[in-house]
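One structure is given here, and the rest of the page talks about it.
FYI, it's all coordinate maths here, none of it is from the lab. It should be emphasised that the depicted structure is a prediction, and the values quoted were computed from it without experimental measurement. Note: ideal-geometry Cβ built from the backbone for every residue, glycine included; neighbour counts use all protein chains shown.
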Ligand SMILES: Nc1ncnc2c1ncn2[C@@H]1O[C@H](COP(=O)(O)OP(=O)(O)OP(=O)(O)O)[C@@H](O)[C@H]1O
Ligand SMILES: Nc1ncnc2c1ncn2[C@@H]1O[C@H](COP(=O)(O)OP(=O)(O)OP(=O)(O)O)[C@@H](O)[C@H]1O
Ligand SMILES: [Mg+2]
Ligand SMILES: [Mg+2]
């Protein structure tokens, strides 16, 4: 049990020391996962909303696929991105393997389905209410989508946060495509995995606590933003 | 690129061969992730609903914490469960480390926040409509919770599926607490990780495809159940 | 009204009741005593605060200040003895019959008794034919009837009705008025709003007139309709109170 | 009605229109031609199918069989020239003013013109005071007014109104009737439902009477109210058509 | 740093044992200081490391499985293999020592004893260099472990560190390379049982990836790195790397 207390001490002293390496790792973690969430939101939300709204043939299949892809195994995604970006792969010439860009890319693939599937559910529930009214007002499909995403934004935030949770906690994909290279692609989760494999469990736990605190901070800010928005727009 | 085609061949021949080892691994994977989802649903849904309904002091903090814990790093969760169940840990005597039970336990910790946070959002949206009506009918808090979970069950299914996605794709926690021991705790995701570390990428991809097909099958069944339910209960 | 049917939770006293939301004072120092017996109809233009007042009395909203007191003998658990029909009916995602059954089950009625009561309610409101339809696909008028059936099913001692016949056809309106009358005769206290002045005349024993969140007049119905004391009330019953034309000062 | 204001998308012909949902035939072989000009009021008991018919005509529901044809000159894009006020108003999650503004922006009106028009609409419906309130906290009557303002704002050639004054106070009802009259005079075709027979008499040029999904009678208003041909219609205008009492056979 | 400096780096594919032991953290800064070239280490399983190099995604390969290394060169994927250093494997186990092997110098008979009493043994089971060495020991001991897999013989299918964590938690024996073992911090009550058997040496080789196959590789910088590793300076640096005063790797460049 004193692993936990030494982890706590490790976490505190890590944070207190203002260690430059730790700061670098935290910055890269945030950059990668927030970048991935941003891009995935831009793709996943319209995708989810479109699946909720449009009555195209095969719509139900798409719904099932999106739901199923919430369970994309990170290692497999990492592998696919690796094969694509590898020197022998189709995009090898770009030299993106083992760069933060590759990590963002892999995470986008992982979380687009999460954001899309959850958005679909939320937009679909809202659409049941808005459907006839919006069509009566003459809103075309694109405009309907935009309206539903806007009016549902406070609920949709939870979908985005679920995506962020997955991105910030994820280690399998970023490990493969980033390579966990010190000072280049090392992020919080890969550092934790490294400390575990060194048997330095207290440090691993300490880093884990730091990561959870980061996540709390981001979720807390999102919540405050939402509350102030809700107050204004009911 | 021929990695992909050989992966495809690998996947097909794996499935066609009816390999007993593969069947064992698939069975254990399903057992662990479905077991974890079942338990996490029983805990997470009421938790989410309670957070949506009750106006207790610190409610907003709980909301933020639940959202943030969607980003619990699997490696850290694995580590904590490992420390608890390890020989030297408080529950060491139970001898649960490196058993499927330990894996279920770790996954439950990982996905309870996901199911709870997403359920909270969905129940909260429904509650806005039901609130005054249910209170007027004299429903107490517990009854309100039950009613909202029941009436929202078709939307809540998506939350459960998100939890299932995380559980079935997750490798970090089950690797640490399960140990990926052949014939004992080896599941699809840990097998994939192993093949990757062996450099056997085609086999890893092939297993990945099998896993995704499994996930599609489960999501497809869930969708059909939901559709037939929706038809009956509108 | 027989001794036995005496209303156990009344009277209801509200005192200097105020309600605020969205940074506005929406109900302003309303004081009134609802005694057992008469049927009360609350009148007033759109946005006067009628629905808010009903929801405050019913305990769904928390007042900013002021008191709401149930002073009757059984007043320790007043919530159990009230029911309300909302202006915008909320249908649970189940069948018509199950909606009523749900309300009954909350009062702890057993399965068999529930079944009988549900059927009786559906008959009285003409919804038997729709018993097994999902409640949410009903027409608006049908939903309003169902909401009434659901509220009435639990045999409340006090029944709040927020424009219960606004979307009903003329015959249904009369039928429901008869139902309300029967409920009243059976000892249930009726407190309702309506925009149908004819209906108000037919039903009301006592009229409350609200305007801009204030209770401007409360009188016996006859007195109110013959010679309302308040100037706005007079304009209102002549269908002339287009209040958005009036400067705020006229209210003073 | 001047030549210039001629209604470009009318007439609207519906032929043998049927609608089914939930395994039931809810609209049964309705045939009618809505010409440019008169105000049509659809009457009928709750659940007759009035709202369904309006939504079918407005293109929101797909008929199971039968035809809906806009035969006017500008009929290639009829949706642009219609608007509807729903029985259960749906308010977007924005302010009162933004709700109207949204409708206008969909018709491609530019920002300045929108601002002017929004203000005009709010004034005409007495909602100016609430312009910046979130629309969803309005009282039911206020929401109904806003829904009307929003529909009317886009200057439709055909306006469907589903019980537009059901929850309005008496004065507002009269005011809105005046507004409807003005809209009509400006050349917009009014097709509405109401349960207020007095209102029907005041507004209708033509009356359609529906019952159990069938169109039983369509006559000029005067003729309808003086001597309705249909037996049910007669019972209805005397407030006696309690249709749940009647066996299905009487419909034949 | 100027742009040119930033560009000057090579990617080294290696195994977790070299990284986890801390060797790279110790010697690479010296190399960088001398040459200005950064070394980006991707530490993965031996198989994966070779796969990375075969894909042209690394410039240099440093692993410890002689057969695979020779095959790599023979296939024309690498230019030439250089000896760099070696360390040795040790058998570690719980202090209670149920198989009573502590102090033996014969790894093979130690393995037999473990098999006889069916004491828990954790195998990496990941086809890594360590795993292959372990399997060859079982073979010499005449034990068929495949049949026992899942009972007392447990294949963790993961890296050295993870396998040591599993041993520590379940009180089992395992074969570890000395470097990882010395640096490992979660030993709990594990101690070295068997060491010093010449059959369990662990030689590392370094190979530059062949630019003829992969034109993108930075062959000059790669060669510069190899030259430094096998130079006196590099070899001294390896020899100087110690944990708790113990030397982890023996330089052996020719
Ligand atoms: N949460 C809120 N925030 C701001 N204003 C509110 C809120 N709830 C109600 N209001 C305002 O309070 C006023 C009174 O509302 P209420 O629903 O009681 O009116 P009403 O008398 O029932 O009107 P109607 O006849 O239209 O039903 C309205 O102007 C409404 O816009
Ligand atoms: N999706 C549906 N599934 C099953 N029944 C439906 C569905 N939609 C409507 N109905 C039924 O169709 C009938 C007609 O509904 P409609 O809303 O048109 O009635 P209405 O004439 O407008 O009544 P009201 O005067 O109450 O508004 C009702 O009995 C309703 O229950
Ligand atoms: Mg009201
Ligand atoms: Mg209707």
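Over segment C:1-156, what is the relative contact order in percent, taking alpha-carbon pairs closer than 8 angstrom and at least six residues apart?
23
Roughly what % of DSSP beta bridges within the protein assembly as shown run antiparallel, to the nearest 5?
Of all bridge pairs located within the protein assembly as shown, approximately 55 percent are antiparallel.
Hey, what does the equivalent ellipsoid look like for segment A:126-234, semi-axes from the Cα gyration tensor as sqrt of 5 times each eigenvalue, largest first, whole Å?
Taking √(5λ) for each eigenvalue gives 41, 17, 9 Å, largest first.
Nearest 10 degrees, 0 to 90: what angle lies between the long axis of helix E:160-170 and the longest principal axis of chain E (Cα atoms)?
Roughly 20 degrees, rounded to the nearest 10.
Under Stokes-Einstein, with the Kirkwood radius over Cα pairs standing in for Rh, what whole-number D in µm²/s applies to the protein assembly as shown at 4 °C and 1.567 mPa s?
37
Pick out which of B:72, B:28, B:224 has the largest mean-square fluctuation in a Gaussian network model of chain B, springs linking Cα atoms closer than 10 Å.
Maximum fluctuation in the GNM of chain B, among the listed residues, is at B:224.
Let me have the 222 nm mean residue ellipticity of the protein assembly as shown computed from DSSP H runs of 4+ only, each contributing -39500 (n - 2.57), with the sum over all residues rounded to the nearest 500.
Computed mean residue ellipticity for the protein assembly as shown: -17000 deg cm²/dmol.
Could you give me the percent of Cα pairs per 5 Å distance bin for chain E, shortest bin first, beginning at zero and ending with the bin that holds the maximum distance?
1, 6, 13, 17, 18, 15, 11, 8, 5, 3, 1, 0, 0
From zero outward in steps of 5 Å, how is the percent of C-alpha pairs of segment A:1-107 spread across the bins?
2, 9, 12, 14, 14, 14, 13, 10, 6, 4, 2, 1
Running a GNM on chain A with Cα contacts under 10 Å, which residue among A:71, A:152, A:18 ends up with the highest mean-square fluctuation?
Of A:71, A:152, A:18, the most mobile in the Gaussian network model is A:18.
Sticking with the crude label model, points 7 Å out along Cα→Cβ, report the distance from residue E:227 to residue E:212 in nm, one decimal please.
For residue E:227 paired with residue E:212, the spin-label model returns 2.1 nm.
Run the numbers on segment C:88-176 and let me know its relative contact order in percent, using alpha-carbon pairs under 8 Å that are six or more apart.
Relative contact order here is 35 percent.
Give me Rg over Rh for segment B:2-232, both radii from the alpha carbons and Rh done the Kirkwood way, two decimal places.
Taking Rh as the inverse mean 1/r over Cα pairs, Rg/Rh reads 1.05.
Suppose R0 equals 56 Å. What FRET efficiency, 1/(1 + (r/R0)^6) with r the Cβ-Cβ distance, do residue E:146 and residue A:54 give to the nearest 0.05?
Computed FRET efficiency for residue E:146 and residue A:54: 0.55.
Which values, in whole Å and largest first, are the semi-axes of the equivalent ellipsoid of segment B:74-132 obtained as the square root of 5 times each eigenvalue of the Cα gyration tensor?
Equivalent-ellipsoid dimensions as semi-axes: 36, 10, 9 Å.
Please work out the Kirkwood hydrodynamic radius for chain D, using every pair of different C-alpha atoms, and report it in angstroms with one decimal place.
Final number for the Kirkwood radius of chain D is 18.9 Å.
With 19 Å as the cut-off, how large is the P(r) tail for segment E:156-252, expressed as percent of Cα-Cα pairs?
58
In segment D:49-92, whose amide N lies under 17 Å from the spot 7 Å out along Cα-to-Cβ of residue D:16? List them in ranges.
D:63-69
Place a point 7 Å from Cα of residue A:17 in the direction of its Cβ. Which residues in segment A:180-199 have their backbone N less than 12 Å from it?
Zone members listed by number: none at all.
Shielding of B:152-165 by partners, i.e. mean partner chain Cβ atoms within 10 Å per residue?
Counting other chains' Cβ atoms within 10 Å and averaging over B:152-165 gives 5.
Pop a pseudo-label 7 angstrom from the Cα along the beta-carbon direction at both residue D:29 and residue A:4 and give the gap in nm to one decimal.
About 7.7 nm separates the two model spin labels.
Which values, in whole Å and largest first, are the semi-axes of the equivalent ellipsoid of segment A:61-159 obtained as the square root of 5 times each eigenvalue of the Cα gyration tensor?
Equivalent ellipsoid semi-axes, largest first: 36, 14, 12 Å.
Let me have the relative contact order for chain A, percent, based on Cα pairs under 8 Å that are six or more residues apart.
Relative contact order here is 32 percent.
Restricting the count to DSSP beta bridges whose residues both fall in chain C, what percent are antiparallel, rounded to a multiple of 5?
55
For a Förster distance of 51 Å, can you work out the FRET efficiency between the beta-carbons of residue E:220 and residue A:146, rounded to the nearest 0.05?
0.40
Over the Cα atoms of segment E:12-99, compute the convex hull volume and normalise it per residue, giving Å³.
Taking only Cα atoms, segment E:12-99 has a hull volume of 126 Å³ per residue.
Return one number: the angle in degrees, 0 to 90 and rounded to the nearest 10, between the long axis of the Cα atoms of helix A:141-151 and the longest principal axis of the Cα atoms of chain A.
The angle comes out at about 60 degrees.
Mark the label point 7 Å from the Cα of residue B:131 along Cα→Cβ and return the residues of segment C:34-64 whose backbone N is within less than 15 Å of it.
Under cut-off, by backbone N: C:52, C:55-56, C:59-64.
What is the helix-to-structure angle for B:153-169, meaning the angle in degrees between its Cα long axis and the longest Cα principal axis of chain B, kept from 0 to 90 and rounded to the nearest 10?
30
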